[in-house]
1. What pairs in LYS588/LYS719; LYS529/LYS611; LYS399/LYS611; LYS719/LYS879; LYS399/LYS617; LYS319/LYS355 have C-alpha atoms more than 18 Å from each other?
2. If I ignore ligands, DNA and RNA and count only protein heavy atoms, how much of THR553 is accessible to a 1.4 Å probe, in Å² to the nearest 10?
3. For HIS779 and VAL49, compute 0.36 nm times the residue count separating them, minus their Cα-Cα distance, and round to one decimal in nm.
4. Where nothing but the Cβ of Lys and Arg (+1) and of Asp and Glu (-1) is charged, how large is the charge dipole of region 774-826 around its Cα centre, in debye to the nearest 20?
5. Can you list, bin by bin at 5 Å, the percent of alpha carbon pairs in region 132-254, starting at 0?
6. Find, among the GluC sites (Glu not before Pro) in region 279-378, those assigned to loop by DSSP (not H, G, I, E, B) with at most 11 other beta-carbon atoms within 10 angstrom.
7. Sorted by accessible area with a 1.4 angstrom probe, largest first, how do PHE209, PHE259, PHE275 fall?
8. Accessible surface of HIS825 in the full protein assembly, 1.4 angstrom probe, to the nearest 10 Å²?
Amino acid sequence: MDLVSGYKGVVGLVFGNENSASNEDSYVERLLDRISNGVLAEDRRNALVELQSIVAEGHAAQLAFGAMGFPIIMGVLKEESDDVEMVRGALETLVSALTPINHARGQKNEVQPALMNTDLLSREAESISLLLSLLSEEDFYVRYYTLQILTALLTNSPNRLQEAILAIPRGITRLMDMLMDREVIRNEALLLLTYLTREAEEIQKIVVFEGAFEKIFSIIREEGGSDGGVVVQDCLELLNNLLRNTVSNQILLRETIGFDSLVSILKLRGSTYKFTQQKTTNLLSALETINVLTNGGSEADPGRDANRLTNRMVLVQKKALDHLLLLGVESQWAPVPVRCMALHCIGDLIAGHPKNLDVLASKVLGEEQQAEPALNSILRIILRTSSPQEFVAADYVFKSFCEGNIDGQTMLASTLIPQPHLMTHAPIEEDVNMSFGSMLLRGLTLSETDGDLESCCRAASVLSHILKDNIQVKERVLRIELEEPTPSFGAPEPLMHRMMKYLALASMKNKDGSSSTTSNLYVQPIILKLLVTWLADFPSGVQCLLDSRPHLTYLLELVSNPSATVCIRGLVAALLGECVLYNKSSDKGKDAYTIVDAISQKVGLTSYFLKFDEMQKSFIFSSAKSSQSHKPLTRSAAASMEEIEDVDENVYDQKNKDHPILSSIFNSRFIDFVKRLEADIRENIVDVYSRPKSEVAVVPAELEQKSGENDKDYIQRLKSFVGKQCSEIQNLLGRNASLAEDLAKTGGNGSSQHEQRVSSGSDRVQVETLRKDLQEALHRIEILKVEKAKIESEASMYQTLAGKMEGDLKSLSDAYNSLEQANFHLEKEVKTLASGGTSTFPDVEAMKAEAREEAQRESEAELNDLLVCLGQEQSKVEKLSERLMELGEDVDKLLEDVGDDMGVPGDGDEEED
């Protein structure tokens, strides 16, 4: 072989150079020489026996055999197949050479000769073909040792062996034939096929084509179902390998032998109280098969969704749900891992399947007198179990039941009726007679008396599923009011306010150390999840939360509390963001602007947005998706019950101190929801913070004098309007400066790609907001320019009209003066005539007096009309002058120019006289 020289080098490295070779090395070499060149058959057989014995005992002999023995042993198998004893001895020697030897004093870095020998043998495709051909031999031990060798090769070099077997005609067929052999060989072949089908999709399809399903369930029935031994476990592991990621194999199983044989494994036989370790493992393996079928296959397969729904429907039709309820809900004597897995399978069966949802909702458990709905029993598990993992599994059932099930949510919410105080605090055993809603409200409020908030947070998790994406249910639950422990001391309290009270109480417990249990590590996050779910797209909930001023104060303190976990601070930030995003209030102190202003002053926008970034990088959020997938249960994983027992509550993220249970409660859907919510919150907060507190539209109508409004009020209103505009502009500029400062800080904090991505998104939002503000300011300036031009045009028109009126008044004054002079001449002439004697003329004095009175009446009437017009025009000129002064124009200079142009003399006083 090509690698023999290389292995000689390894032997020399371990044992020294060739001159200092060990006695084992020399002995192995002599034995191989006797096998290869011996004359007597008996001597050669004895040499094989001795070689097998020495190789099985020491590392040095295994190394020496790997360096020199493979060509000789493989030659024996190929050329002396008729000599059964020689073939047996050769195969047994190969088994010893490939089996690790564990010595108590072995060093960690010591060379592992068994692994090296496995690598050497698996490189030769001819060797694999030769071994597979031996499976057709009649001798039992030949087949048995051959399977052991193949298993050893597959354990240490799986990819090479898979490729080699696929390249050999009928290689898989020969292995499948071994499943119908004697029990020992069948078990070895089963174990070999289990290893062989874990990752190789092509081998899986060939195995299924060779009738693997029928043979697997036949063996399970022979071994006694779930009460059987490790062979049943191996059969179920092989079955799961064949079904896990292949839709076609699942369809073939469903349409050929069906799911009846699988469901029958879940049926408890004999004494249901006896759960041995092997029976527990067998049930877990069967439950994993149910889980594989409900998942439907690989995510990349286009037929996965349809196959998943069909599998769930058929499994429920085959009464799988009844057996799962018996294992997970009714059989409280069953081991915790079995109950948890059964509950998880129930959740998978009903998720997204309306008919199965109705089936579960109608299920009744227990005897006739003690019968109750299955959902009530599952809720009782959530509230009473001492196992966090069982709580998570039962909570998953309600998540699956409520997801997208509006009718189911409404049905559960309809039972949420507060009970009298005495009934609410009755002994815990009396909850058997309660409705679902009463039991849930009792769990939400029970912690007030016993000082334990865990039942409250568990009930809060169920309530969050009931409220999710259902506005009608949110409104209904918002109207629920709870009585105080002493009703006379106060009015009923809204349920949302009670949740805020427990949130603060949990924080106090953690701070003073009065409650040191690790359950408090997930009480606050679960209550916060309820509140975040409740307030989503629900303005009425935001209004209710803000009705109590201390709520906002506490949340602002909690979001910046360094002793709180990263997850808690991030969820509080999301809750505050919802108070802005879904805030429709116009009341001062509760509107969106007030909340944003409080966040900016108490926390700072940069620090506030950073809470989201820290939460996204936390262990809980980064591991939420991966935690949903189940780790395949193998023989090695189930060898110890420690692998399937409940999680250790003392193990949690040391950096952020988040409880590992949160990675299951915060499922991928909630994580995605928070991420979408974060983006909306960032954009909305920047928008609220950057616009004026009270928007005022600048329109020409604001500058017009209202009917019935005197000049003083009109001028005062204009001044107030301008002052308000200036205040808004200054406030806007100040906030823009603050945003620019936060933007600069955020832009400089780019230590990771995630931070840069989040910062760039926030930067784009802020830049876009500033750009909009600039456009609005420019538009406002253009409107003011148009208004100024219009006012100047009207002022010029009124000035021209005033000049014309002054000209008419001057002409009237000249006519009046001419009339006075004519009257004077007439009076003089009358006096002259009177002095000359009697006159034949009429009474001149009377006529003169009458003419004077008539002329005076006409002159006064005309003059009064002109003075009224002049007064009106003068009033308009004064108002326009004041407006021009506000716009920055020099009014006196304009009037001088008008006076010079019109040529009006400065005789105003004479005119008034």
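The values are calculated or read from the model by the stated rules, or taken from the named source; none is laboratory data. Remember, predicted model here, so these are calculated numbers, not experimental data. Here Cβ is always computed from backbone atoms with ideal geometry, including for glycine, and neighbour counts include all displayed protein chains. All accessible areas refer to the heavy atoms of the entire protein, side chains included, with ligands and DNA or RNA removed. Shrake-Rupley method; radii C 1.70, N 1.55, O 1.52, S 1.80 Å.
1. LYS588/LYS719; LYS399/LYS611; LYS399/LYS617
2. 70
3. Additional length available on full extension: 252.6 nm.
4. 160
5. Spelled out bin by bin, region 132-254 gives 2, 11, 23, 24, 22, 12, 4, 1 percent.
6. Counting only loop positions with at most 11 other Cβ atoms within 10 Å, the GluC sites (Glu not before Pro) in region 279-378 are GLU299, GLU367, GLU368.
7. Descending accessible area places them as PHE209, PHE275, PHE259.
8. 120
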